[in-house]
Structure formats: structure tokens, C-alpha cells
Amino acid sequence: MFDPNVQVRQNLKDIEPYKPGLSDEQLRKELGDRPLVKLNSNENTLGPSPLALRAMERELPRLHLYPDGGSDLVKAAIAKHHHVQPEQVFVGNGSDDIIKLLSETFLDEGDEIVTPFPTFSQYTFGAQVMKARVKLAPLRADFTYDVEALLAAVTERTKLLYLCTPNNPTGTVLKQAEFDHLIEHLPDHVLVIVDMAYDNYATNPERFQFNAGVLRHANVCLLYTFSKLYGLAGLRVGYAIGHPEVFAYVHRVREPFNVNRIAQVGAIAALSDVEHVKRSQELVQASRRQYETLRESGMHVVPSEANFALIEVGDGKRVFEALRKQAILVRTGFVGLESYVRVSFGTEAENQACIAALREVVAHA
């Protein structure tokens, strides 16, 4: 009799599957028709780019055709947007796809990756799949980057170093001076992957920002996504900017047609939707000011440059469950952050409902 427990690759038993925030479908099944405030997945509460919606609708009659296998038109649009060359762009089925592809491209058993802690869990997942070792470099007490800790974690076995800025789930940024210091002192054999998923929301002038000069470093790769600012999380489109020789190898492990036809069309249109981008950024900036008022109630709100806030509430799980009973969904359960909840920014009314509930729940702890 075939026994999967015996035949499966044994390292898979040590991998915890990624647990996303509850989906809208799951919540509707659980809560019925009650008004729902869903602030648990860092989604764009304004919805998809209207230009993308119209472009995708026009493309529907062509679904019988395979998509462009290399996403060449998307790469050209992204290259124009960032003022780089198309061969410096790689398009994936979400940035999660690219993280896993980079792991499959570069990691052998026994290799190492370095990540800040806490940060996005998918970096660790990619390493575990390839039986690589994960070395954590803790953030400082105020959740800012400790570049010296990152450098100290690097060894001759380190292949990949991840930086998430603004960092998920803390919302804090890597400064340009910190990045420059890191690159100056990092061994050349380490590929630095900078996840910029939330950078479009950031305003800190001292933060690391992309410019074409970054690409003079062959060992730097930047990740972006259409899921957040452009409101296309359901399509799964992400991209990387980096050295063409790096991507030449990543293409060898990429699935053919990894980005579907509708997603490609939507992504191209979204890049030109200036009005939707402006509205999304303005809403996030206003939301930050709303949640900062929780400090008046004694709660610590970590200064955020993203579209979410990390808030210290005492017992994160208890607060999560209390809000859930009110049909308000936030996120908790991050390792090392058990006293916090992460709240995605919503509309002004959604934010106000969440803030009022937080004040009530925490006050009665």
C-alpha cells in the first residue's frame, strides 16, 4: 500500500503551510449577511483599478487563447514605468511565485538565507522547500532595521538575503544609508532581494528607494506586486527588477504561461491608472492619522509606512477574537508579536469602526 508519509520528501514535514487571512468567501459563510469590516489581508479597500477592470472585460472573448508565455508586453510596460530595460524585468504569478522561483534557482541543501525577524514568512518557506537553513536577524526593539545584525548573520554558505521595506508586518522601512552600508560590506556571493510590495505607500524621504543606479549591483533584485496599490490581489501578478543573467536562470525553473492572459492585460492597464493610485495613496495617508489617535488610549501604534498598522493591544489573540465577534477582521498570530494585532487600512468608516472597537476591547481587558 502506498504510504505518502513514507514516500514524501521528509523535509516537507517540517514546513507549515502559509495561512493567509480569512477570505471573503470564508467570512461570508461564517458571518452570514452581517456587515463585515475586513482589515486582515493588506488589501486595497478601494478595489481594483478601474482602468484594469475595463481592459480585462475587453479581453474576455480571447480567453480561448494562451497568454504570452514570457509576459513580454507586461515587461515592456513595467520597464517603461521604472525607466529600465525589459530584460531587467521578470514577471511572476504574484511576488510569492518569484520568491519560490528564486529559491529553486539558487538554493541547494545546506545553503543559507538571511532574513530580518519578524518579516514576511514566504522567504522562509522558499528556503525550507529547498532544504536550506534560515538565519534570522532580529529587528531592533522599535522594529527598525539592524544592518549590523544582518551582516553578522552572513556566512560563506549564505546565498540569499531578504529585505522587506516597508516591512510586513511592522510597517517600518530600511533607510537608504543603511542599504548603502549593507551593500558596501556584503560579500559579493550574496543575492540581495528587496521586497518593495508596500513602497508605493511610503513617504519617508530617508527610505531606500529604487533608482536605475541600484542595478549596477548585479547581486540586487527588487520585488513588486500589483496586489496592493493597484488592487489586483485576486489576479496574482508580481514582478522583479534585477540583472538579466539572474533572470535567465530563473526562467529555467519558471512554469510556462505562469501569468494568465487576463492578469497580464489588467496589470498593463493598472500601471497607467494615475487617478486610482492617487486616491489609494491619499486614503492610506489619512488612515495613518486615524489610527495614530489610538495612542491617546494608551496603545502603542508602530509608525508605519505601509497600508497597515501594527498595534500593541496586550493579548493579540483575545483582541482578535473579540473583534471577530463584531464582524471586524484583523490579523494576529505573528511569531514574536503575540501582544500585537496588524490592521489593514480600510475606508474612513471602516477604520473608525475598528478604532472604536479596539478602544472598547482593550479598555475592558
Inset, instruction - May I ask you to order 301-311, 122-132 by the average number of other C-beta atoms within 10 Å around their residues, highest value first? - result: 301-311, 122-132
Inset, instruction - Give me the accessible area of TYR230, 1.4 Å probe, in Å² rounded to the nearest 10. - result: 10 Å²
Legend entry - Förster-model FRET efficiency, 25 Å R0, ASP146 and GLU16, C-beta, rounded to 0.05: 0.45
Inset, instruction - Rank by packing, highest mean first: peptides 88-101, 43-56, with packing defined as the count of other Cβ atoms within 10 Å averaged across residues. - result: 88-101, 43-56
Inset, instruction - For segment 218-283, just say rounded, prolate or oblate: build the C-alpha gyration tensor, square-root its eigenvalues into a ≥ b ≥ c, call rounded for a/c under 1.5, and beyond that prolate if a/b exceeds b/c, oblate if not. - result: oblate
Legend entry - Gyration tensor (alpha-carbon) shape descriptor, segment 212-365, a/c threshold 1.5: prolate
Legend entry - Dipole moment magnitude, nearest 20 debye, the chain about Cα centre, only Lys, Arg, Asp, Glu C-beta charged: 740 debye
Legend entry - Separation in nanometres of the label points that stand 7 Å from Cα toward Cβ, at HIS64 and ILE183: 5.0 nm
Legend entry - Rounded FRET efficiency, nearest 0.05, which uses the C-beta distance separating ALA248 from GLN352 and R0 of 51 Å: 0.50
Legend entry - Cross-link table LYS80/LYS159; LYS75/LYS278; LYS100/LYS228, entries beyond 27 Å C-alpha to C-alpha: LYS80/LYS159
Legend entry - Highest average packing first - 285-295, 322-332, Cβ atoms within 10 Å: 322-332, 285-295
Inset, instruction - Find the centroid of the Cα atoms in segment 168-201 and in segment 249-300, then give the distance between the two in whole Å. - result: 19 Å
Legend entry - Using distinct alpha-carbon pairs, which all enter the 1/r mean, Kirkwood radius of the chain in Å: 21.5 Å
Inset, instruction - Please work out whether segment 186-236 counts as rounded, prolate or oblate from its C-alpha gyration tensor, where a ≥ b ≥ c are the square roots of the eigenvalues and a/c under 1.5 means rounded, while otherwise a/b larger than b/c means prolate and anything else oblate? - result: oblate
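The values are calculated or read from the model by the stated rules, or taken from the named source; none is laboratory data. Treat the numbers as computed from the prediction; the structure is a model and nothing was measured. Neighbour counts are summed over all protein chains in view; Cβ atoms, including those assigned to glycine, are modelled from backbone coordinates with ideal geometry. The area values use the complete protein model at the heavy-atom level, side chains included, leaving out ligands, DNA and RNA. Shrake-Rupley method; radii C 1.70, N 1.55, O 1.52, S 1.80 Å.
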